[in-house]
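Participant: First, the structure itself, so that you have it in front of you.
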Amino acid sequence: MVDHRLSGSKWPAMDAVSTFPPDRTTALERLQAFVPRAGRDYAAGRNFDHGPGRHESVSGLSPYLRCRLITEEEVLRAVLGQHSASAAEKFIQEVYWRTYWKGWLELRPGVWDQYQRALRSRLDEMQTQSGLRDRWEAACKGETDIDCFNAWAQELVTTGYLHNHARMWFASIWIFTLGLPWEPGADFFLRHLLDGDPASNTLGWRWVAGIQTPGKTYLARTSNISKFTEGRFHPKWQLAGEAPARAGPPVPDPLPLPGPVRPDPALRTGLLMHEDDLSPGYAFAGCDAVARAVLAPQTGFTPLTPAPHIAGFRSAASLDAQTRHMPAADDCSDVLRDAEALMIWAQKEGLSQIVTPFAPVGPVADQLRRFAAHEGAPRVVTMMRATDRAAWPLATRGFFAFRKNIPDLLSALT
């Protein structure tokens, strides 16, 4: 079979990691700089995509929230320290969109598995359908006839970031104008976005395609693109005029979250940090550990080759977190890539228990599940944040039903 890997770009890569330095200090500085603009300024300007390096109308915090170098709770507390909930309503809702997506997928983990199986099937189809493969390669390389789409492909590949509005336009053009299946588009994003995660990315693409909310699609329009790019792009007569919903499996019923668990202080314990939560102090508090390690899988979110800046950002962010949560006197050199490496580490250290922050649906959770299935694997205690445990079970329907709970969720922060 032809190798599925594709570079995704004809342009030399910019240093995406220098655009978003992967450390908590930078994240807090950017949060502090943004907070004064989180109210009415954000509401007025948030939909405008001014182009690469000019995204001052939005926070730019998403790569840090993705790995939880800073947390949603910290961001909301900072914003509410300078704005009322009503003045910062639009930004607060954007933060809770991320929470909602994660909760929705956590209650329906099979959707992630469905997506991964479908993605592999679509990539296999491209090996036998030359026209489909050519359109896919042109889209990934930014070599279509649509200037705005090409510009967004270039920005994504070189900076690891796209404005949220541009993501919606891009996904719509990918599906309805270029006629490509949505799964390889979602994969293209995950392979390049510094803030890409299984929940927001997968479910966002499903929504554009008309699968997430059955029959409801998103159609990119020339007038909308022209307005919110301030005339930089005007793809008249180039875009699809309709967006028929794509077929997909039925939306599964929500499952309950796992119940709370607590570490057993009598057991020989190892602490495991991972790239889904690099602020694990809440999980590690009070644990008397004999060993510490980091789980950082390099595979599991794409069958293709991710952009180098993905591993670069997450590795550096993990090292930054180790300096705060793993004492310098400890040997923190154990970086584990998969369940097998985790088992070897646990046996080497003679562990009876591993304590780790809760990993939402995705590659880390997949590896932890595989590890737990090993014969003789020690007990794994996954500690869920109180804010997640309060919010995620509310994601049983659409976001508009979920957002009615935001005032109560905010009141729990104060």
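The values are calculated or read from the model by the stated rules, or taken from the named source; none is laboratory data. Everything numeric in this text was worked out from a predicted model, so none of it was measured. Quick reminder, even Gly has a Cβ in these numbers, built from the backbone with ideal geometry, and neighbours come from all protein chains shown. Protein only, heavy atoms only, side chains kept; ligands, DNA and RNA dropped before computing areas. Shrake-Rupley method; radii C 1.70, N 1.55, O 1.52, S 1.80 Å.
Participant: In the range 31-72, how many residues are touching a Ser or Thr at 6+ places or on another chain (Cβ under 9 Å), among the charged types (D, E, K, R) and not in a loop (DSSP other than H, G, I, E, B)?
Facilitator: 4
Participant: Could you grab me the full set of residues in the range 288-306 that are closer than 20 Å to Leu278 by Cβ and of a type outside the set (S, T, N, Q)?
Facilitator: Ala289, Ala291, Arg292, Ala293, Val294, Leu295, Ala296, Pro297, Gly300, Phe301, Pro306
Participant: Within the range 264-295, which residues are open to solvent by less than 40 Å² (accessible area, probe 1.4 Å) and assigned to a loop (DSSP other than H, G, I, E, B)?
Facilitator: Glu275, Asp276, Leu278, Ser279, Pro280, Cys287
Participant: Condition check: touching a residue at least 60 places away in the same chain (Cβ under 8 Å), closer than 23 Å to Thr217 by Cα and either surrounded by fewer than 22 Cβ atoms within 10 Å (Cβ to Cβ) or not aromatic (Phe, Trp, Tyr) (or both). Does Lys102 satisfy that?
Facilitator: Yes: the conditions hold for Lys102.
Participant: Can you tell me which residue in the range 1-55 is modelled with the lowest pLDDT, limited to those that are open to solvent by 40 Å² or more (accessible area, probe 1.4 Å) and hydroxyl-bearing (Ser, Thr, Tyr)?
Facilitator: Among residues in the range 1-55 that are open to solvent by 40 Å² or more (accessible area, probe 1.4 Å) and hydroxyl-bearing (Ser, Thr, Tyr), the one modelled with the lowest pLDDT is Ser7.
Participant: Then there's this: Just wondering, is there one or more residues in the range 99-107 that are touching a Leu at 6+ places or on another chain (Cβ under 6 Å) and of a type outside the set (A, V, I, L, M)?
Facilitator: Checked the range 99-107: at least one residue is touching a Leu at 6+ places or on another chain (Cβ under 6 Å) and of a type outside the set (A, V, I, L, M).
Participant: With free of Cβ contacts under 8 Å to residues at least 60 places away in the same chain and either among the acidic types (Asp, Glu) or assigned to a helix (DSSP H, G or I) (or both) as the only criterion, which of Asp366, Asp320, Asp408, Asp388 stands out?
Facilitator: Asp408
Participant: Going through Pro252, Pro263, Pro303 one at a time, which residue ends up being touching a residue at least 60 places away in the same chain (Cβ under 8 Å) and closer than 20 Å to Pro357 by Cβ?
Facilitator: Pro263
Participant: Name the residues in the range 153-185 that are among the acidic types (Asp, Glu) and touching a helix residue (DSSP H, G or I) at 6+ places or on another chain (Cβ under 6 Å), would you?
Facilitator: Glu183, the sole residue that qualifies.
Participant: Same structure, new question: Please find, within the range 105-120, the residue that is nearest to Pro303 (Cα to Cα) out of those that are touching a residue at least 12 places away in the same chain (Cβ under 8 Å) and open to solvent by 40 Å² or more (accessible area, probe 1.4 Å).
Facilitator: Checking each candidate, the answer is Arg120.
Participant: OK, next. Taking the options Gln114, Gln127, name whichever one is closer than 30 Å to Pro250 by Cβ, assigned to a helix (DSSP H, G or I), modelled with pLDDT under 95 and not small (Gly, Ala, Ser).
Facilitator: Gln127
Participant: If you check Thr222 against the conditions, is it over 25 Å from the mean Cα position of the chain (by Cα), over 26 Å from Arg314 (Cβ atoms) and β-branched (Val, Ile, Thr)?
Facilitator: When the stated conditions are applied, Thr222 passes them.
Participant: Specify the residue that is farthest from Pro260 (Cα to Cα); the eligible residues are those in the range 391-401 that are open to solvent by 20 Å² or more (accessible area, probe 1.4 Å) and not in a loop (DSSP other than H, G, I, E, B).
Facilitator: Phe400
Participant: What's the number of the condition Gln82 fails, among (1) in a helix (DSSP H, G or I); (2) over 19 Å from the mean Cα position of the chain (by Cα); (3) at pLDDT 95 or above?
Facilitator: The failed condition is (1).
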